[in-house]
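Some notes on the structure that comes next.
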Amino acid sequence: MANTQATQKPQLESNNLKVIQDQINYEALLTKKYNEYAGMCTDQNLKNLCTQASQTHKQNFDSLKTYLDSHQ
């Protein structure tokens with residue numbers, strides 16, 4: 001029976017799950033917005049800044065999604 005418990009993934013409490021899901025949605029939205037802003041920029045420095053911000057939020061999204069998947 002100890003082996004069964006060791007192989008089970010830890011479950012998240014519903015309030016923590018909701019917080020993580022909300023944050024995933026925010027990160028997805030910010031990724032999309034910064035991509036759109038980068039496309040609107042004519043200044044290359046500003047365009048690069050928006051692209052970097054988009055990439056950062058995509059990494060945050062991926063990390064949160066991986067964490068969430070490991071607990072379900």
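Some observations on this one:
- Principal-axis tilt of helix 14-40 within the chain, Cα atoms, nearest 10 degrees: 20 degrees
- Across the chain, Cα-Cα distances exceeding 17 Å account for 55% of all pairs.
- Probe 1.4 Å, accessible area per residue of the chain, Å²: 78 Å²
- The count of lysine pairs in the chain whose Cα atoms are under 24 Å apart, excluding pairs fewer than 8 places apart on the same chain, comes to 13.
- Note on residue 14 and residue 68: the model spin-label points, each 7 Å out from Cα along the C-beta direction, lie 1.8 nm apart.
- Rolling a 1.4 Å probe over the protein heavy atoms of the chain, with every protein chain left in place, gives an accessible area that is 53 percent carbon and sulfur.
- In terms of packing, defined here as the mean over residues of other Cβ atoms within 10 angstrom, the peptides 11-22, 55-66 line up highest first as 55-66, 11-22.
The values are calculated or read from the model by the stated rules, or taken from the named source; none is laboratory data. Worth saying up front: this structure is predicted, and the values here are computed from it rather than measured. All Cβ positions, glycine included, derive from the backbone under ideal geometry; neighbour counts span all protein chains shown. The protein model used for the area step is the full one, side chains on, heavy atoms only, and it has no ligands, DNA or RNA in it. Shrake-Rupley method; radii C 1.70, N 1.55, O 1.52, S 1.80 Å.
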